[in-house]
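A short reminder: the numbers here are calculations on the coordinates, not readings from a lab. Just so we're clear, the structure is a prediction, and the values are computed from it rather than from any experiment. Using ideal geometry, Cβ is built from the backbone for each residue, glycine included, and neighbour counts are taken over all protein chains shown.
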């Protein structure tokens, strides 16, 4: 049963990650200034766009983007793109719309780029396929394969648990001594 609970928990986590992946999280302060930033950590070498807008509008307005208390960019479009993001771009961000105030702060997390190419001095066996320069995209085939595998394992675990419970109930309370006694007699 513990295995089933663990697999169900894993399934819920995977479904959550597949749902949230690629989406933005909205950080709003009391003044109605909203900073849109990635909901999950981004991988190094990706481009990341932060958007600043007023609640209830989708139009772009001039905005200042602030990282850890320092203005890093002033834009007229309310949008800032960090090209080729690196670990040094990780930190607390917020935006400011003049005359309206600041957004809530948002933590931009950056994870290391997983390269399949060897580093200098590192030995590897040759790969028949070159590494992909792009991480998984939302809705990619890898997402669906992962979901299929997790669902399959979960179904098998539930099925095995049910069969085990039924077998335990079937044999419970049936001691070996209660088997039908056969008496043999010799008739002459």
Heads up, region 23-111 by the C-alpha gyration tensor (a ≥ b ≥ c square roots of eigenvalues; a/c under 1.5 rounded, else a/b over b/c prolate, else oblate) looks prolate
Sorted on mean Cβ neighbours within 10 Å (highest first), peptides 77-88, 35-46 come out as 35-46, 77-88
Given 69-76, 100-107, 162-169, the highest-first ranking by average Cβ count within 10 Å works out to 100-107, 69-76, 162-169
